[in-house]
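Read the structure below first, then the notes.
The values are calculated or read from the model by the stated rules, or taken from the named source; none is laboratory data. Treat the numbers as computed from the prediction; the structure is a model and nothing was measured. Positions of Cβ are generated from backbone atoms using ideal geometry, with glycine treated the same way; all protein chains shown enter the neighbour counts.
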Amino acid sequence: MKNRHRVVCIAILAAASFLFLRPTASASDPLVTISATELRFGNQAQNTSSSPQTVILSNTGQADLTISTITLSGQNSGDFFERSDCPVSPAVLPAGRSCEIRVIFHPHTSTTDLIATLTISDNASGSPRSIALHGMPTAAVPGVTLAPASLVFENQAINTTSAAHLIRLTNSGSDTLNLTSSIAIAGADANEFKLVRSANACPESSSQLPPRTSCEMSVVFAPLTPGSKSAQIQITDDAAGSPHVIPLSGIAVAPR
């Protein structure tokens, strides 16, 4: 019986010794929390950039956090980009402070689901910590953006010509925009509005506009008879929504 008690006492002492000697996270150590362990970007056209998604990294401990690296890895890591304001060694993130890591999805292909991993290595328990990245690319397509989307001219005396107003046509897509016919003015009073040449004029006949480039349409109001006038510019192309229409209006008045 005495031997049994002796064995129990030895076991208790050994356990207590183990707990005392075992390294544990100190109250004065850094401690990391991150706001997400996965980012999903959804559909994104090839060769275009998504809006950034943000991961917040917080040092909730009581000592400075040293971040050694923030890296992208994986089969499709080249289709994601990261930018952050997190300090990297030898700089530190003080206790109680946070920083942001922003990730952008910019697919270079239109194949299947693209994946990568964002890895953060630091001197806190649980390092390294990983964030899974997912994005679905779609085929490159052209797009049309018009600014302004319509033109209203001030009162203009008949048989005179207004100052020119510019409309900017931008290929806001990720593929070449094909203008499949001449840009023309149509409508009830088409003969009282005119397209004139400008420094960066859009082509007068079928042509192409590369992605993220622009051209201009310069329009004047030259009324022949009094009254309210209306017409429209028509642009025929291979982007969604074609033909694209820009309403034109103005009031013609008798000369004073």
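Reported count of residues in segment 103-150, each being farther than 29 Å from D175 by Cβ and of a type in the set (D, E, K, R), is 2.
The criterion of at least 3 residues that are modelled with pLDDT of 90 or more and out of contact with any Asp or Glu (no Cβ under 8 Å at 6 or more places or on another chain) is met, among strands (runs of 3 or more DSSP E) falling completely within segment 8-113, by 38-45, 53-59, 67-73, 80-84. Residue count for segment 213-256 under the criterion of being part of a loop (DSSP other than H, G, I, E, B) and among the basic types (K, R): the result is 1. Selection within segment 185-202: residues that are over 31 Å from the mean Cα position of the chain (by Cα) and either among the charged types (D, E, K, R) or closer than 30 Å to A45 by Cα (or both). The member of this set that is surrounded by the fewest Cβ atoms within 10 Å (Cβ to Cβ) is R197.
Only residues that are under 28 Å from D175 (Cβ atoms) and among the hydrophobic types (A, V, I, L, M, F, W, C) were counted across segment 210-224, and they come to 3. Does P87 satisfy the criteria of being over 24 Å from T33 (Cβ atoms) and surrounded by 16 or more Cβ atoms within 10 Å (Cβ to Cβ)? Spelling it out, it is not the case that P87 is over 24 Å from T33 (Cβ atoms) and surrounded by 16 or more Cβ atoms within 10 Å (Cβ to Cβ). Checking every residue in segment 38-53 against the condition of being surrounded by 14 or more Cβ atoms within 10 Å (Cβ to Cβ) and acidic (D, E) gives zero matches.
When we screen S218, S242, S205 for residues that are within 36 Å of the chain's Cα centre (by Cα) and closer than 14 Å to P142 by Cβ, the only hit is S242.
Within segment 151-184, restricting attention to residues that are surrounded by 20 or more Cβ atoms within 10 Å (Cβ to Cβ) and closer than 30 Å to P137 by Cβ, the residue that is farthest from the chain's Cα centre (by Cα) is L179.
Here the condition is being part of a loop (DSSP other than H, G, I, E, B) and among the polar types (S, T, N, Q); of T170, T145, T161, it holds for T161 alone. Cβ separations smaller than 7 Å between residues 6+ apart or across chains give the following pairs from segment 53-69 residues that are under 17 Å from F81 (Cα atoms) and in the same structural domain as R129 (by TED's automatic domain parsing) to residues that are among the acidic types (D, E) and modelled with pLDDT of 95 or more: T54/E100; I56/E100.
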